[in-house]
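Enquirer: Structure provided below as structure tokens; questions to follow.
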Amino acid sequence: MISVRGASVSEHSEPAAFAGPLSAAVAGLCDRLRPQVSPATAAGLADVLHRLSAPLQVAVAGRIKSGKSTLVNALIGRRVAPTAIGECTHLVTRFSYDPLDRIEVIFTDGTKQVLPFDAEGMIPAELGVELDRVSHLEVYLTNAVLRELTVIDTPGLGSLDAGSVARTEQALGTSSGAGKPVDELADEPVDTLDTVSANAVSGAEAVLYVLTQSVRADDREVLAAFSAATASRDAGPVNAIGVLNKADTVVAESVAGSGGDVWQAAQLLARRQARVLGTRVADVLPVIGLLAESAETGRFSSADAYALRSLAELDADTVATMLVSAELFTTLEAPVPVATRAALLARLDLYGIECAITAIREAPNITTGSLRRLLLDLSGLAEVRGRLDAVFRARADGIKAAAALASIVAITAASGTDDERQRVHDAIEVLLAKPQAHQLRLLEALTLVASGAVELPGDLAEEVLRVGSSVRVDEQLGRPGASPTELAEHALERAGWWRSFASFGATPAQSRVAHVVHRAYFLIWQRLREQAEPQHGARGG
């Protein structure tokens, strides 16, 4: 899982634990700048420091009714986010780690109110407060997953409720509002943030985007507007992953090459969606959120397994007829009560029920635990978690550091003087000039190319994406399995090529990217050479 260590800081907390050296360096920059800037800017820098010491913030976003909350429950491993439409589904909800489980309603005036969980351990569908006064919900859970990442559940795009859409945009950092009028800001205390600064600080750092069976214009627009890792530019393969949820509802016969297999059809459709979205996301993966939630949160019980065994004993034709539709499944005569069958539908849907019955027939003695693990495997959740890990974990330090720098720039632009902005700019440039901070330059270059802001020929664009999207040297160099000597030679050769391109064949924008890629290759070569020298010395001794 995403191994970003750290928790929120307070007066009595332990020293902050950062995702890595880049985050620590940006935190040091904030500490040095705070005495040199205005109180309002200093307040913003304090919030940036708080975020740097916290886990990576991953927003789960997408259209309304795409199954975001179900997927959130599966990722957390606890059924806590309501999946039916209610007051709280119109609000942004942040799930964070804390030893004390609780729900806090955060109001727009900064006050908060603690609420109890409902009888099923979930967020209450109705909050009992005026929704217009609510900013968002903070849910704290004693959950190991949340030690490593903060999950942000968003209301959903395409909602009829304009307020819900606005809250989603603010949570994602895509809100385009210019903040409060100047005359209103003049009355605010100087140690509080204005709206623009607050949005810059509160935006998510990465996004898991939940898709339906077709990519719509607003899906592309949201991903294009997602302000995250690198200088508030577009989402890209560094900070965004797509999932095709409800994969079991794909009509296999409608997807060429599926051979009538639902999961194969979903995989093919996900690949098609990945091509449509292009460089907006690292990948699109199919998942069945309902199966994942039921299997991972303990919602699938031994009573469910018993009911499925009873259904498995029916003749094949009867079962096939029952599985034609949800209505037939619950209305045909069967030894399992209608209410029990309705509960099975709510937990597994027809696809999960069919797979479970098939598994029981093939292995009559299968245990409830084994059946649950089978359903979890069928859901595709493991692949989504693995991709989250591969895309976000290795880059968490760079993602958080780059997002923090973007926030610093936005805060200073909103509340600082010209002298203050110049001071912050100079301090950031000094930080970025250090070799260890080159990853931030590379992430920025990758995002510029991925978003189309800087156009390169196809083969060069692919090379930039490869160098910037992987953490394994052989993958960065496009030479999997090559020896260290071969890798070093190739890195030096490509460093020279990109330096020549920057000087003689590139536009000014391309040249800036080319210099960054040249430097990346040179640092890879330097690192490989340093690793080889001790080995040579040992052999010589």
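Enquirer: What is the order of Ser503, Ser407, fewest Cβ neighbours within 10 Å to most? It would help to have the intermediate numbers written out before the result.
Expert: Numbers: Ser503 12, Ser407 28.
Ascending number of Cβ neighbours within 10 Å: Ser503, Ser407.
Enquirer: Return the whole-Å distance between the Cα centroid of segment 491-519 and the Cα centroid of segment 385-462.
Expert: Here the two parts' Cα centres lie 19 Å apart.
Enquirer: Stretch Leu100-Ser370 to full length: gain in nm at 0.36 nm per residue minus the Cα-Cα span?
Expert: Numbers: separation 270, 0.36 × 270 = 97.20 nm, distance 3.22 nm.
Gain on stretching Leu100 to Ser370: 94.0 nm.
Enquirer: Consider just the alpha-carbon atoms of segment 429-541 and return their Rg together with their Dmax, both in angstrom.
Expert: Cα radius of gyration and Dmax of segment 429-541 are 14.8, 52 Å respectively.
Enquirer: Now, a different point. For Phe300, Phe501, which order do you get if you count the other beta carbons within 10 Å of each Cβ and list the fewest first?
Expert: Working: Phe300 24, Phe501 19.
Neighbour counts put them in this order, fewest first: Phe501, Phe300.
Enquirer: Round to the nearest 0.05 the FRET efficiency obtained for Asp459 and Arg529 when R0 = 22 Å and r is the Cβ-Cβ distance.
Expert: Details: r = 27 Å, r/R0 = 1.22.
For R0 = 22 Å, the calculated efficiency reads 0.25.
Enquirer: How would you order 482-493, 61-72 from highest to lowest mean count of nearby Cβ atoms within 10 Å? Could the numbers behind the result be given before it?
Expert: Values: 482-493: 16.0, 61-72: 23.8.
Ranked by mean Cβ neighbours within 10 Å, highest first: 61-72, 482-493.
Enquirer: Would you work out the charge dipole size for segment 299-378 about its Cα centre, treating the Cβ of every Lys and Arg as +1 and the Cβ of every Asp and Glu as -1, and quote it to the nearest 20 debye?
Expert: Numbers: 7 positive and 10 negative charges, 82 e Å.
My answer is approximately 400 debye.
Enquirer: Which peptide among 388-399, 362-373 comes first, and what is the full order, when sorted by highest mean count of other Cβ atoms within 10 Å? Show your work: numbers first, answer last.
Expert: On the way: 388-399: 21.7, 362-373: 13.4.
Averaged packing, sorted descending, gives the order 388-399, 362-373.
Enquirer: Return a whole-number percent for the relative contact order of segment 454-540, with Cα pairs under 8 Å and 6 or more residues apart as the contact set.
Expert: Numbers: 69 pairs, mean separation 23.8, N = 87.
Computed over segment 454-540, the figure is 27 percent.
Enquirer: On to the next question. Can you sort Asp304, Asp153, Asp426 so the residue with the fewest Cβ neighbours within 10 Å comes first?
Expert: Details: Asp304 22, Asp153 30, Asp426 10.
Ascending number of Cβ neighbours within 10 Å: Asp426, Asp304, Asp153.
Enquirer: Enumerate the lysines that Lys246 could reach by cross-link, defined here as Cα to Cα under 22 Å, with residues fewer than 8 away along the same chain left out.
Expert: Partners found: Lys65, Lys68.
Enquirer: Using a 10 Å cut-off on Cβ atoms, rank the peptides 109-122, 330-343, 268-281 from the highest mean neighbour count down.
Expert: The most tightly packed comes first, giving 268-281, 330-343, 109-122.
Enquirer: Can you give me the Kirkwood hydrodynamic radius for segment 299-378, using every pair of distinct Cα atoms, in Å to one decimal? Could you put the intermediate results ahead of the total?
Expert: Values: mean 1/r = 0.0807 Å⁻¹.
Across segment 299-378, the inverse of the average 1/r is 12.4 Å.
Bear in mind these aren't lab numbers, they're just calculated from the coordinates by the rules spelled out. Just so we're clear, the structure is a prediction, and the values are computed from it rather than from any experiment. Note that each Cβ is placed from the backbone with ideal geometry, even for glycine, and that neighbours are counted across all protein chains shown.
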